[in-house]
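Take a look at the structure set out below.
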Amino acid sequence: MTDHTGRAGLEREGLYAIAHEFDELRTEISVPGAPSGLPNLTTASKQLATLAGLTKDLSEAVRYSTQDDSPQLVLGLVIDAYTSASVPAGRAVENYTRAYAQLGFLRRFAEAQATADLRDARLAAFCVFQERMIYVRDDLKEAANTLRGSADRMDGAPPRILAALSRSARPMISIYRIPPELNAPAPTPTPVADTPASRHAR
């Protein structure tokens with residue numbers, strides 16, 4: 001039988017690690033206060049690729065967990081953490097791509113004659129970018145907090161410790177399944193029949 005002692009710690013570390021990557025990306029993404037603060041397309045492309053990679057990491061983590069069909073583990077908590085974080089991560093991708101399109105528009109007309117309509121369009125593109133970056137940062141924060149919160153709540157008590165606890169004292173946030181042989185109630189002793197032989201012996 002595979003010894004999974006310490007697996008909870010590894011799962012926690014994995015959740016914290018991806019949460020940290022979402023936090024790091026958030027620090028790289030700023031909300032410009034003026035058009036002069038817009039990132040160039042090279043920077044934006046790199047950030048969008050990183051964001052898409054983090055979203056892929058979430059699905060890869062789920063795939064790995066669902067393939068681990070060990071009867072000693074219950075990975076529902078881990079899977080739920082990753083799938084829940086994929087919701088704000090997906091929104092972040094959507095919001096960033098909408099902002100990204102505005103950068104493409106501004107690049108396309110960068111050298112065009114500055115008519116009143118074009119000035120209005122450029123300002124509108126900047127405002128859309130600015131708004132979407134606010135959403136992106138909020139989404140990244142939510143994804144990180146979701147992962148970190150699940151990691152904080154995960155119990156790491158080894159299976160034998162869990163088996164020793166009463167049912168009411170066992171944490172409901174453990175990834176370990178209690179082995180049946182450790183969880184089975186003690187057999188009830190069979191009373192000795194009161195026969196004449198046993199009375200004589202007394």
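Show the residues, 5+ positions off or on another chain, whose built amide H is closer than 5 Å to the amide H of Leu73.
Arg177
Evaluate Rg over Rh across region 39-109, taking Cα atoms for both radii and Kirkwood's formula for Rh.
Here Rg/Rh amounts to 1.20.
Return the sequence-ordered ³J(HN,Hα) values of region 54-66 in whole Hz as given by the Karplus equation 6.51 cos²θ - 1.76 cosθ + 1.60 applied to θ = phi - 60°, using x for Gly and Pro.
Per residue, the Karplus-derived 3J(HN,Hα) values read 5, 5, 5, 4, 4, 5, 5, 5, 5, 4, 4, 5, 6 Hz.
Within region 7-115, what whole-number % of the accessible surface is contributed by carbon and sulfur, with the 1.4 Å probe and all protein chains included in the calculation?
Roughly 53 percent of what the probe reaches on region 7-115 is carbon or sulfur.
Label-point separation (nm) for Asp120 and Ala49, each offset 7 Å from Cα along Cα-to-Cβ?
3.8
The values are calculated or read from the model by the stated rules, or taken from the named source; none is laboratory data. Because the structure is predicted, anything quoted here is derived from the model rather than measured. Note that each Cβ is placed from the backbone with ideal geometry, even for glycine, and that neighbours are counted across all protein chains shown. Note: areas computed on protein heavy atoms with side chains; ligands, DNA, RNA excluded. Shrake-Rupley method; radii C 1.70, N 1.55, O 1.52, S 1.80 Å.
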